[in-house]
Amino acid sequence: VYLDANIDLYEMGEDDEPVSFRPIGDGKAKFEGTFDGQNHTIENLYQNGWDLGLDYSTEAGGLFASAVDASFKNLTIKDAEIVMECIDMGVLVGYSYGNATYENISIEGGTIANYQRYTGGVVGEVNGTHTFKNVDVTDTVISSLWGDFDTSLGGIIGGKWGNATVTMEDCD
């Protein structure tokens, strides 16, 4: 998949509240393949788990709910705001497994908050073999809601499962 232009996801609803963007895949389909942002930017990703009706049975949240054997590259995501409860979430991918590569990814600005799960600036949870190269997370607040009970937070990855192997090169 190639992104051919910058995208602004901002949309105001009838109730004067932002409209939540439903994660791609939404726990039902996993992205498998390559997503090349071609150095474009996605702005104003807004997700509120309660607005979307996401619950404990939902797999993950972020731009993509989950990915398997995927590659993401050449993409900037700016000013994301994601608030959820009890599901893995990252700004780009909530749950990533298999063999995955993240290269030339920039997350700029925004806030993400979660309760009782893995929460990362790029990916919430990894399982398998993952490579992160030239990945930066700047000016982004990553926090837990209502204390830190079973919450794992990370600037790039929220946490890993099983025998996950992670390699990072030139990441901030």
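Please verify whether Val91 is touching a residue at least 24 places away in the same chain (Cβ under 8 Å) and open to solvent by less than 20 Å² (accessible area, probe 1.4 Å), treating the condition exactly as stated.
Criteria met by Val91.
Restricting to region 22-54, name every residue that is open to solvent by 60 Å² or more (accessible area, probe 1.4 Å) and at pLDDT below 95.
Hits for region 22-54 are Arg22, Ile24, Lys28, Lys30, Trp50, Asp51.
Within region 104-143, work out how many residues are modelled with pLDDT of 90 or more, assigned to a strand (DSSP E or B) and among the β-branched types (Val, Ile, Thr).
Going through region 104-143 one residue at a time, the tally reaches 9.
Quick one: is Ile77 buried (at least 16 other Cβ atoms within 10 Å of the Cβ), in a strand (DSSP E or B), touching a Ser or Thr at 6+ places or on another chain (Cβ under 9 Å) and at pLDDT below 90? Steps first, answer last, please.
Numbers: buried (at least 16 other Cβ atoms within 10 Å of the Cβ): yes; in a strand (DSSP E or B): yes; touching a Ser or Thr at 6+ places or on another chain (Cβ under 9 Å): yes; at pLDDT below 90: no.
Against the criterion (buried (at least 16 other Cβ atoms within 10 Å of the Cβ), in a strand (DSSP E or B), touching a Ser or Thr at 6+ places or on another chain (Cβ under 9 Å) and at pLDDT below 90), Ile77 does not qualify.
Residue check, Thr119 against (1) over 18 Å from Gln47 (Cα atoms); (2) surrounded by 19 or more Cβ atoms within 10 Å (Cβ to Cβ); (3) of a type in the set (Val, Ile, Thr), all met but one. Which one?
Evaluating Thr119 over (1) over 18 Å from Gln47 (Cα atoms); (2) surrounded by 19 or more Cβ atoms within 10 Å (Cβ to Cβ); (3) of a type in the set (Val, Ile, Thr) leaves (1) as the failure.
Among the listed residues Val83, Val137, which satisfies the condition of being in contact with a helix residue (DSSP H, G or I) (Cβ under 8 Å, 6 or more places away or on another chain), farther than 19 Å from Ala70 by Cα and either in contact (Cβ under 8 Å) with a residue 24 or more places away in the chain or of a type outside the set (D, E, K, R) (or both)?
Answer to the check: Val83.
Just a yes or no: is a residue in region 80-96 of a type in the set (D, E, K, R) and touching a Ser or Thr at 6+ places or on another chain (Cβ under 8 Å)?
Taking every residue of region 80-96 in turn, at least one turns out to be of a type in the set (D, E, K, R) and touching a Ser or Thr at 6+ places or on another chain (Cβ under 8 Å).
Can you name the residue in region 55-70 that is in contact with a Phe, Trp or Tyr (Cβ under 9 Å, 6 or more places away or on another chain) and open to solvent by 30 Å² or more (accessible area, probe 1.4 Å) and, of all such residues, is modelled with the highest pLDDT?
Asp69
Specify the residue that is modelled with the lowest pLDDT; the eligible residues are those in region 80-95 that are touching a Phe, Trp or Tyr at 6+ places or on another chain (Cβ under 6 Å) and part of a strand (DSSP E or B).
Asp88
What are the residues in region 2-21 that are part of a loop (DSSP other than H, G, I, E, B), aliphatic (A, V, I, L, M) and surrounded by fewer than 12 Cβ atoms within 10 Å (Cβ to Cβ), if any? Step through it out loud before you land on a result.
Initial filter on region 2-21 (part of a loop (DSSP other than H, G, I, E, B)): 3-6, 9-11, 13-17, 19-21.
Applying the additional criterion that residues be aliphatic (A, V, I, L, M) yields 3, 5, 9, 19.
Once the filter is applied, which keeps residues that are part of a loop (DSSP other than H, G, I, E, B), aliphatic (A, V, I, L, M) and surrounded by fewer than 12 Cβ atoms within 10 Å (Cβ to Cβ), region 2-21 yields only Ala5.
The values are calculated or read from the model by the stated rules, or taken from the named source; none is laboratory data. Predicted model only: the values in this text are computed from it and were never measured. As a convention, Cβ positions derive from the backbone with ideal geometry for all residues, glycine included, and neighbour counts pool all protein chains shown. Side chains included, ligands, DNA and RNA excluded: accessible areas come from the protein's heavy atoms. Shrake-Rupley method; radii C 1.70, N 1.55, O 1.52, S 1.80 Å.
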